[in-house]
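The values are calculated or read from the model by the stated rules, or taken from the named source; none is laboratory data. Owing to the predicted nature of the structure, the values given are computational and were not obtained by experimental measurement. Positions of Cβ are generated from backbone atoms using ideal geometry, with glycine treated the same way; all protein chains shown enter the neighbour counts. These area figures cover heavy atoms from the full protein model, side chains too; ligands, DNA and RNA do not enter into them. Shrake-Rupley method; radii C 1.70, N 1.55, O 1.52, S 1.80 Å.
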Amino acid sequence: MSNPTLQVDGLIKGYNQGKPNEVRVLQGVSLAVAPGEVVALVAPSGAGKSTLLHIAGLLDTPDVGTVAIEGEDMTRLSDRRRTAVRRSTVGFIYQFHHLLPEFTALENIVLPQLANGVTEKAAHDRAMALLDRVGIAERASHRPAALSGGEQQRVAFCRALANEPALLLADEPTGNLDPETSDRVFDALMTLVRDTGLAAVIATHNLELAARMDRQVRLAGGVLEAV
């Protein structure tokens with residue numbers, strides 16, 4: 001395997017730490033994801049998959065263990081540096097699209113690029129190219145309320161990839177959609193991932209979708225295992 005984009009080693013995370021009712025969500029989790037690899041993270045509700053994704057994406061910190069992105073140890077970075085890495089290197093997709101309702105589809109994809117120092121023209125061009133890749137370029141001027149659920153989620157995918165991240169983390173990205181729309185939207189997501197060659201970890205309950213990824217890992221009892 002080539003040098004991993006994401007490498008987490010020995011992650012331990014608990015809540016109510018040190019108290020009698022402490023809950024150990026992660027118990028020594030390790031995972032490496034290579035550039036261009038799509039890993040399905042399968043876990044029952046409450047098993048800790050969101051916690052794992054938040055730690056991998058630098059939104060949370062482990063009690064024990066390390067997180068490296070593109071070979072750089074994130075564990076001891078300042079909050080400011082972690083925020084900069086997260087903004088430029090990591091893309092997030094959630095079950096709900098969380099688009100800004102007052103802005104158009106295009107603007108929702110342009111804004112994170114502007115925040116990252118990209119010029120307005122370059123941001124506009126990339127946003128349109130991403131919308132075209134997922135088949136909704138003609139909906140660029142529509143606000144979220146005028147888009148279907150599947151269209152909203154495809155805009156969210158484009159927004160997550162707006163700053164050309166090396167790592168994509170997705171938490172049940174099609175979980176709020178009906179089966180037919182879910183399948184179509186998942187195809188759009190995989191097209192984006194394959195075209196850009198980034199590393200991706202996609203949490204899902206859908207075993208059919210999981211089977212279409214490069215490999216599967218299962219999180220249960222705080223431990224990560226290959227499926």
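Could you tell me how many of the residues in the stretch 108-165 are in a loop (DSSP other than H, G, I, E, B) and open to solvent by 20 Å² or more (accessible area, probe 1.4 Å)?
11
Any idea which residue in the stretch 17-37 is surrounded by the fewest Cβ atoms within 10 Å (Cβ to Cβ), counting only those that are modelled with pLDDT under 90 and of a type in the set (S, T, N, Q)?
Here the residue is Asn21.
Answer yes or no as to whether Thr75 is touching a strand residue (DSSP E or B) at 6+ places or on another chain (Cβ under 9 Å) and modelled with pLDDT under 90.
Spelling it out, Thr75 is indeed touching a strand residue (DSSP E or B) at 6+ places or on another chain (Cβ under 9 Å) and modelled with pLDDT under 90.
Which residue pairs have Cβ atoms closer than 8 Å, lie 6 or more positions apart in sequence or on different chains, and pair a first residue in the stretch 92-109 that is free of Cβ contacts under 8 Å to residues at least 24 places away in the same chain and closer than 19 Å to Glu164 by Cβ with a second residue that is exposed (fewer than 14 other Cβ atoms within 10 Å of the Cβ) and of a type outside the set (Lys, Arg)?
Glu107/Leu100
Restricting attention to the stretch 64-100, report how many residues are under 14 Å from Ser30 (Cα atoms) and either part of a helix (DSSP H, G or I) or open to solvent by less than 60 Å² (accessible area, probe 1.4 Å) (or both).
Residues in the stretch 64-100 being under 14 Å from Ser30 (Cα atoms) and either part of a helix (DSSP H, G or I) or open to solvent by less than 60 Å² (accessible area, probe 1.4 Å) (or both): 5 in total.
For the stretch 136-159, does any single residue satisfy the condition of being on the phi > 0 side of the Ramachandran plot and not aromatic (Phe, Trp, Tyr)?
Within the stretch 136-159, not a single residue is on the phi > 0 side of the Ramachandran plot and not aromatic (Phe, Trp, Tyr).
Name the residues in the stretch 40-63 that are open to solvent by less than 20 Å² (accessible area, probe 1.4 Å) and either of a type in the set (Asp, Glu) or part of a loop (DSSP other than H, G, I, E, B) (or both), would you?
Correct list: Ala43, Ala47, Gly48, Gly57, Leu58.
What's the total number of residues in the stretch 166-206 that are crowded, with 18+ Cβ neighbours inside 10 Å, in contact (Cβ under 8 Å) with a residue 60 or more places away in the chain and among the small types (Gly, Ala, Ser)?
The number of residues fulfilling the criteria is 5.
Quick one: what pairs do we get from the stretch 208-222, first residue closer than 24 Å to Lys13 by Cβ and of a type in the set (Lys, Arg), second open to solvent by 20 Å² or more (accessible area, probe 1.4 Å) and not in a strand (DSSP E or B), C-beta under 7 Å, 6+ apart or different chains?
Between residues of the stretch 208-222 that are closer than 24 Å to Lys13 by Cβ and of a type in the set (Lys, Arg) and residues that are open to solvent by 20 Å² or more (accessible area, probe 1.4 Å) and not in a strand (DSSP E or B), the close pairs are Arg218/Val227.
Would you say Leu131 is at negative phi, free of Cβ contacts under 8 Å to residues at least 40 places away in the same chain and under 21 Å from the mean Cα position of the chain (by Cα)?
yes
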